[in-house]
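Laboratory data are not the source of any read-out in this text; all were calculated from the coordinates shown. Just so it is clear, the model here is predicted, and its values are computed rather than measured. FYI the Cβ positions are ideal-geometry reconstructions off the backbone, even for glycines, and counts take in every protein chain you see.
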């Protein structure tokens, strides 16, 4: 059975929800998210808006992912490493591959890779400022 591409907000929500189910169960990543996020329903909607905006360039996203990630790193004693971003990215790719295929699916992978690299570098910079 052929998979379809990511087409709309419902697809993005399905991706985000499925992905964070995996993240919460992950022995390494889970604690960062479980300790930080108190309202999962709101967080999933927020991230759906972020990814919808990133993929389709038509929805406005209001938030500061860099500030949020720097704060989480500080709360966890500057313990976020490239391993965490690698695990996050692998789960993201796995979830996309399970659910979708096509140009938007591949773009979601590219954007996540770029975002992960950017966030990791900026988190590291923030530790030294």
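May I ask for the equivalent-ellipsoid semi-axes of the chain, computed as the square root of five times each C-alpha gyration tensor eigenvalue and listed largest first in whole Å? Let's see the in-between values first.
Numbers: eigenvalues 121, 48, 42 Å².
Each semi-axis is √(5λ); the values are 25, 16, 15 Å.
Cα centroids of the range 85-107 and the range 23-50: how far apart, whole angstrom?
The range 85-107 and the range 23-50 have Cα centres spaced 17 Å from each other.
By how many degrees, between 0 and 90 and to the nearest 10, does the Cα long axis of helix 65-75 differ from the longest principal axis of the chain?
Helix 65-75 sits at roughly 40 degrees to that axis.
Is the shape of the range 69-129 rounded, prolate or oblate, going by the alpha carbon gyration tensor and its root eigenvalues a ≥ b ≥ c, with a/c under 1.5 for rounded and a/b larger than b/c for prolate?
Since a/c reaches 1.5 and a/b is larger than b/c, the shape of the range 69-129 is classed as prolate.
Return the calculated 222 nm mean residue ellipticity for the chain, to the nearest 500 deg cm²/dmol, obtained by summing -39500 (n - 2.57) across DSSP H runs with n ≥ 4 and dividing by the residue count.
Theoretical 222 nm ellipticity from helices: -24500 deg cm²/dmol.
Taking only Cα atoms, what is the 0 to 90° angle, nearest 10, from helix 82-99's long axis to the longest principal axis of the chain?
10
What is the helix-to-structure angle for 103-127, meaning the angle in degrees between its Cα long axis and the longest Cα principal axis of the chain, kept from 0 to 90 and rounded to the nearest 10?
10
Where in the range 67-81 is the amide nitrogen less than 18 Å from a point lying 7 Å along the Cα-to-Cβ axis of residue 39?
Counting backbone N atoms under 18 Å from the label point, the list is 68.
Mind grabbing the base-10 log of I(q)/I(0) for the range 1-77 at q = 0.11, 0.16, 0.21, 0.27 Å⁻¹? Debye formula, identical points on the C-alpha positions, no solvent, two decimal places.
The calculated log intensity ratios at q = 0.11, 0.16, 0.21, 0.27 Å⁻¹ are -0.33, -0.68, -1.05, -1.33.
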